[in-house]
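Reading through the C-alpha cells given below for one structure.
The values are calculated or read from the model by the stated rules, or taken from the named source; none is laboratory data. Bear in mind that the values here come from a model prediction, so they are computed numbers and not experimental data. Neighbour counts are summed over all protein chains in view; Cβ atoms, including those assigned to glycine, are modelled from backbone coordinates with ideal geometry.
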Amino acid sequence: MKKDHLNTADFDLWQTIREETEAAAAAEPILASFLHQTVLRHGSLASVLAYHLSSKLSSPIMDARILYEMYLLALSEDSHIIGCVESDLKAVYERDPACDEYSLPLLYFKGFHAIQAHRINHWLYQNGRQTLAYFLQNRMSEVFGTDIHPAARFGHGIMLDHATGFVVGETAVLGNNISILHGVTLGGSGKESGDRHPKVSDGVMIGANASILGNIRIGENAKVGAGSVVVSDVPSSITVVGVPAKPVGRSNKVPSADMNQNIDFTGLDFMI
C-alpha cells in the first residue's frame, strides 16, 4: 500500500528513495551490489540519474564515464531539469497502481528513463550540441524503444507508462501533468517543414496506440482514447475516440491524474 508521503511537510524525496533502496538491498541480497552502485553510493538524485542513464546508454563507441560526466554537467547547469525529474517521479508514484515506491521508476521503468534522457538531450540540442543529441536520440530508440526528437519540448509531471513505441516529432510541445501510454505517436502530417507537430496541453491523458498528427492542439484536461487517430484540434475537457477521432463526452476531472481508461458519455448531447 502506498504511503501518503506527498502530504507530509517534512517529506524528503531523495531520503525516501535511499531508505527504500536500503530496504530492497536487505530483502534481496543478490541485488545488493546493483543497488549500491546505482543508488546508495551516490549523494544526490542527480548523481543517481546520471549514473543510471549513462550505464544504460553507453556503447562500445560511447564510454559510460564520458556520458556520466556530460549528464552531470547538464543537471548541474540547468537546475530546472532535476525539478522536472522529481515531478515526474511523483507523477508515476501517484498515477501508476503498480508503483508503490519512488525508487521503482528511477531504477526500473524505461518510460521514466526515456523522458529523463530526453530532457538532457533537449538541453544538449539547445546548447549547440545537436550532433551528440541526435546520436543519443538514436541510442535511446535502441535501448528504450522510444524515438523522441531532441528539439521537442516537455513540461513537468509527465508519466510515460510502458513507453514502447512512443514517437515524438521535432516541433511537438507537451505541457505539464500529462499521462501517456505505450505506442503513442505525436507526429506530423504531409511533407511540410516548420511547425508541424501537436501541442498537448496540461492535464491530458493519451491512451495506448493513439496517433495525434499535425500542428493541432489538444486542450487542457482532454482525453484521447486508445487507438484513436486525431487530426484536428480537441477542445479542453473533451474526450475523443475513433478513427478519425470524434468527441464523445466531457470531462470535469483531470484525466491524466485519474487514469480512467473508460469512456464517459456524459454530456454527449451537446455534440449531437
* Does at least one position in segment 27-34 carry a residue that is of a type outside the set (K, R), surrounded by 13 or more Cβ atoms within 10 Å (Cβ to Cβ), assigned to a helix (DSSP H, G or I) and touching a residue at least 24 places away in the same chain (Cβ under 8 Å)? -> no
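Residues checked against (1) assigned by TED's automatic domain parsing to the domain that holds M205; (2) buried (at least 23 other Cβ atoms within 10 Å of the Cβ); (3) hydrophobic (A, V, I, L, M, F, W, C); (4) over 12 Å from the mean Cα position of the chain (by Cα):
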site	(1), (2), (3), (4)
I82	no, no, yes, yes
K90	no, no, no, no
E94	no, no, no, yes
E101	no, no, no, yes
L104	no, no, yes, yes
L107	no, no, yes, yes
H113	no, yes, no, no
H122	no, no, no, yes
N127	no, no, no, yes
* To do: Among what's in segment 179-191 and is in contact with a strand residue (DSSP E or B) (Cβ under 6 Å, 6 or more places away or on another chain) and in a loop (DSSP other than H, G, I, E, B), pick the residue that is nearest to D233 (Cα to Cα).
  => S189
* To do: Among residues belonging to segment 184-213 that are crowded, with 17+ Cβ neighbours inside 10 Å and more than 17 Å from the chain's Cα centre (by Cα), point out the one that is farthest from G145 (Cα to Cα).
  => R196
* To do: Name every residue in segment 192-206 that is touching a helix residue (DSSP H, G or I) at 6+ places or on another chain (Cβ under 6 Å) and assigned to a strand (DSSP E or B), in order of residue number.
  => M205
* Asked: Mind checking which residues of segment 237-254 are under 15 Å from D264 (Cα atoms) and not aliphatic (A, V, I, L, M)?
  -> S237, T239, G242, K246, P247, G249, R250, S251, N252, K253
* To do: Output the number of the condition that H42 fails; it satisfies all remaining conditions of (1) in contact with a helix residue (DSSP H, G or I) (Cβ under 8 Å, 6 or more places away or on another chain); (2) closer than 22 Å to H149 by Cβ; (3) not in a helix (DSSP H, G or I).
  => (2)
* What tally of residues in segment 208-230 results from selecting those that are part of a loop (DSSP other than H, G, I, E, B) and aliphatic (A, V, I, L, M)? -> 5
* Residues (in contact (Cβ under 8 Å) with a residue 60 or more places away in the chain and touching a His at 6+ places or on another chain (Cβ under 9 Å)) located in segment 69-89 -> G83, C84, E86, S87, D88
* To do: Scan segment 70-77 and give yes if some residue there is crowded, with 19+ Cβ neighbours inside 10 Å and closer than 17 Å to A163 by Cβ, otherwise no.
  => no
* Could you tell me which of the residues G165, G157 is touching a residue at least 40 places away in the same chain (Cβ under 8 Å), part of a loop (DSSP other than H, G, I, E, B), buried (at least 21 other Cβ atoms within 10 Å of the Cβ) and within 14 Å of the chain's Cα centre (by Cα)? => G157
* Asked: Restricting attention to segment 168-178, which residues are part of a loop (DSSP other than H, G, I, E, B) and either closer than 18 Å to R95 by Cβ or of a type outside the set (G, A, S) (or both)?
  -> E170, T171, G175, N176, N177, I178
* Boolean, A151 is in contact with a His (Cβ under 8 Å, 6 or more places away or on another chain) and farther than 25 Å from D202 by Cα -> no
